[in-house]
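Reading through the structure tokens given below for one structure.
The values are calculated or read from the model by the stated rules, or taken from the named source; none is laboratory data. As the structure is a computational prediction, the values presented were derived from the model and not from experiment. Every residue, glycine among them, receives a Cβ derived from its backbone with ideal geometry; neighbour counts consider all protein chains shown. Areas reflect the complete protein model, heavy atoms only, side chains present, ligands, DNA and RNA absent. Shrake-Rupley method; radii C 1.70, N 1.55, O 1.52, S 1.80 Å.
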Amino acid sequence: MIIYKNSTKGIKPEQLKDFFVGWTHQPSNETHLQILQNSAFVILAIDDRTEQVIGFINAISDKILSAYIPLLEVLPEYRKQGIGKELIKRMLDELSNLYMIDLCCDETLKPFYKKLGLSPMPAMGKRNYEFQKGNL
Ligand SMILES: CC(C)(COP(=O)(O)OP(=O)(O)OC[C@H]1O[C@@H](n2cnc3c(N)ncnc32)[C@H](O)[C@@H]1OP(=O)(O)O)[C@@H](O)C(=O)NCCC(=O)NCCS
């Protein structure tokens, strides 16, 4: 069974294995945990048989007006089972008293987010690839 938690309390780095699929410079499990701990909001999907985190979403926020969702990932073997959708729904619920909720995504994911109530918007961004693993 998949259980959902909105806190990193009690989560150990080794429960966060195998994420950042396809990234050239992958943050370590320890860095991943710190990213989640430093986020204003986090939702984890955990496989209760293995106690591994198999999906997560985080949001950084001023908690008054706006939030940005930088990361959402479900491990490949758990995809296409509705877990990504559930993580977004739960996060949007947590953020429902904020005015601006933004994220960036690939063109192919636009239908996924549209179905969940988000609208396409123009965006600009910059990537410092030397810090893709995190700056720790
Ligand atoms: C995007 C991601 C989180 C989706 O997780 P998931 O658990 O497979 O998603 P769900 O099973 O809840 O799928 C929800 C819907 O989106 C669709 N969908 C899922 N991934 C999709 C993709 N890559 N492109 C287009 N549609 C997609 C599903 O077909 C499903 O549609 P349905 O409700 O009509 O059946 C997952 O593919 C992932 O981790 N990708 C790599 C990281 C990434 O791209 N994250 C997003 C950053 S913006």
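Residues of the stretch 58-84 being near the ligand (Cβ under 8 Å from one of its atoms) and either part of a strand (DSSP E or B) or surrounded by 13 or more Cβ atoms within 10 Å (Cβ to Cβ) (or both), which ones? Before you say what the answer is, go through the steps one by one.
Going residue by residue through the stretch 58-84, those that are near the ligand (Cβ under 8 Å from one of its atoms) are 69, 71-76, 78-84.
Passing the criteria: Ile69, Leu71, Leu72, Glu73, Val74, Leu75, Tyr78, Arg79, Gln81, Ile83, Gly84.
Which condition from (1) within 23 Å of Phe20 (Cβ to Cβ); (2) part of a loop (DSSP other than H, G, I, E, B); (3) free of Cβ contacts under 8 Å to residues at least 12 places away in the same chain; (4) of a type outside the set (Lys, Arg) is the one that Leu109 breaks?
(2)
Give me the pairs: first residue in the stretch 49-60 and basic (Lys, Arg), second residue in a loop (DSSP other than H, G, I, E, B), beta-carbon distance under 8 Å, and six or more apart or on different chains, which are they?
Correct list of pairs: Arg49/Met1.
Failed condition for Pro27, given (1) more than 12 Å from the chain's Cα centre (by Cα); (2) within 13 Å of the ligand (Cβ to nearest atom); (3) open to solvent by less than 40 Å² (accessible area, probe 1.4 Å), with all others met?
So the condition that Pro27 fails would be (2).
Kindly indicate which of Ile101, Ile35 is of a type in the set (A, V, I, L, M, F, W, C), under 19 Å from Ile11 (Cα atoms) and surrounded by 15 or more Cβ atoms within 10 Å (Cβ to Cβ).
Matching residue, one of Ile101, Ile35: Ile35.
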